[in-house]
Amino acid sequence: MTATLIDGVKIARRLLDDLKPRIAALNARGIKPGLAAIVVGDNAASEIYVRNKMRACADVGMHSAVHRLPAGCSEADLTGLIESLNRDPAVHGVLLQLPLPAPLDAERVMRHIAGEKDVDGFSWKNLGALVAGEPQLAPCTPLGIMMMMDHEGLALEGATAVVVGRSVSVGKPAALMLIARGATVTVCTSKTRDLAKHTRDADIVVVAVGKPGVVTGDMLKPGATVFDVGINRLPDGRITGDVDFESASAVASRITPVPGGVGRMTVAALIANTVKAAEKTAG
Ligand code: NAP
């Protein structure tokens, strides 16, 4: 079998296009959805991620701004900026670009972002809503993956899904979203004894680990659909996912590429969350 590519670039573009009428409706009411990104220190990868997010805002006609603080800033400087953005009516989404330089504690700082402006979906309020089965602003990467699944028309009810990785930002919320849609979900971690035993059983495999080649073709059920979340830089500078693309695409029926897969959808989901936040504020 040779897998069909799930084209994140194309699906993200469609999603962003679909948002435009909603943005136009807000504009007609005098509201321009606005996203504020906070960048602390100098991190080349963060700069690329933020640039892509700002570009996507511009593409759909949304307002965006980047607020920069030096690496040596205090936690009070950072939380003070967050509080001022929480109060700013022109800002509907506040995004804290991670990682933060040491010794800043991202977990603690993020708790200052108002739940209704937490467009990354990492606040306890938004994560709790997800656990309760009443999602509000859901974490962008798993939200983007679910949007891809729907675009592909994947039947989730009754499907067997394996999520590899249990981070708060990707693995755990992805598992919760799949459970909410009626999939039977197994979550694997670094402690899982026999990863292949689990992945071989799955119709859908979501891999969010951060290690190239953690899932290979022989670990997949023929015809499985694979979502590769990983972004890894190889010694030669190339970017690769967590899944061994060559062997996996010989076994899977559908697979996301890296780059051009889940990453694009993460940005699109962020924009969707910001529009949703603006609509909620607007009533
Ligand atoms: P993370 O917080 O480091 O979590 C990694 C998870 O993988 C942990 O739960 C860990 O298990 C598990 N793990 C490690 N080795 C494993 C193994 N051999 N077998 C099974 N599980 C294993 O990472 P993350 O934030 O979720 O990110 C994962 C990857 O996705 C990274 O490459 C990141 O850059 C990428 N990412 C991409 C996007 C995107 O938009 N495409 C967004 C976010 C993240 P333990 O909990 O037991 O340690």
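A few comments on the model shown:
- With respect to the conditions (1) open to solvent by 70 Å² or more (accessible area, probe 1.4 Å); (2) in contact with an Asp or Glu (Cβ under 9 Å, 6 or more places away or on another chain); (3) touching a residue at least 24 places away in the same chain (Cβ under 8 Å); (4) not in a helix (DSSP H, G or I), V94 falls short on a single one, namely (1).
- Residues of region 55-65 satisfying the condition of being out of contact with any Pro (no Cβ under 8 Å at 6 or more places or on another chain) and touching a residue at least 60 places away in the same chain (Cβ under 8 Å): A56, C57, V60
- Any hit, region 254-261, residues being farther than 26 Å from Q97 by Cβ and away from the ligand (no atom under 11 Å from the Cβ): yes
- Candidate set: region 188-209, residues that are more than 12 Å from the ligand (Cβ to nearest atom) and under 23 Å from P259 (Cα atoms); chosen: the one most open to solvent (accessible area, probe 1.4 Å): D203
- Sole exception among (1) at negative phi; (2) part of a loop (DSSP other than H, G, I, E, B) for E47, by number: (2)
- The requirement of being within 18 Å of the chain's Cα centre (by Cα), crowded, with 17+ Cβ neighbours inside 10 Å, of a type in the set (S, T, N, Q) and outside any loop (DSSP other than H, G, I, E, B) is fulfilled nowhere in region 161-177; no residue meets it.
- Residue check for K276: open to solvent by 60 Å² or more (accessible area, probe 1.4 Å) and either polar (S, T, N, Q) or within 30 Å of A36 (Cα to Cα) (or both): yes
- Sub-7 Å Cβ pairs linking a first residue in region 3-24 that is under 18 Å from I204 (Cβ atoms) to a second residue that is open to solvent by 80 Å² or more (accessible area, probe 1.4 Å) and of a type in the set (K, R), at least 6 apart or interchain, are G8/R264, ordered by first then second residue.
- The set of residues from region 118-138 being in contact (Cβ under 8 Å) with a residue 40 or more places away in the chain and more than 16 Å from the chain's Cα centre (by Cα) comprises V131, G133.
- When R51, R29, R68 are checked against the criterion of being over 30 Å from F245 (Cβ atoms), without any contact (Cβ under 8 Å) to a residue 40 or more places away in the chain and out of contact with any Asp or Glu (no Cβ under 7 Å at 6 or more places or on another chain), a single residue qualifies: R68.
- Among the residues making up region 115-152, those that are in a loop (DSSP other than H, G, I, E, B) and open to solvent by 60 Å² or more (accessible area, probe 1.4 Å) are A132, E134, P135, Q136.
- Filtered residue count, region 173-204, keeping only those that are closer than 15 Å to A138 by Cβ and without any contact (Cβ under 8 Å) to a residue 24 or more places away in the chain: 2
- Residues that are more than 15 Å from the ligand (Cβ to nearest atom) and surrounded by 14 or more Cβ atoms within 10 Å (Cβ to Cβ) within region 215-241 comprise G217, K221, A224, T225, listed in sequence order.
- Every condition in (1) in contact with a helix residue (DSSP H, G or I) (Cβ under 6 Å, 6 or more places away or on another chain); (2) within 24 Å of L69 (Cβ to Cβ) holds for L130 except the one numbered (2).
- Condition broken by P212, with the remaining ones in (1) touching an Asp or Glu at 6+ places or on another chain (Cβ under 7 Å); (2) more than 16 Å from the ligand (Cβ to nearest atom) satisfied: (2)
- First in region 213-235 and among the basic types (K, R), second anywhere and within 12 Å of the ligand (Cβ to nearest atom), Cβ under 9 Å, 6 or more apart: K221/T199; K221/V205; R233/A45; R233/I239; R233/T240
The values are calculated or read from the model by the stated rules, or taken from the named source; none is laboratory data. The shown structure was predicted, so the numbers you read here are calculated from the model rather than taken from an experiment. For neighbour counting, all protein chains shown are included, and Cβ atoms are generated from backbone atoms with ideal geometry for every residue, glycine included. The area values use the complete protein model at the heavy-atom level, side chains included, leaving out ligands, DNA and RNA. Shrake-Rupley method; radii C 1.70, N 1.55, O 1.52, S 1.80 Å.
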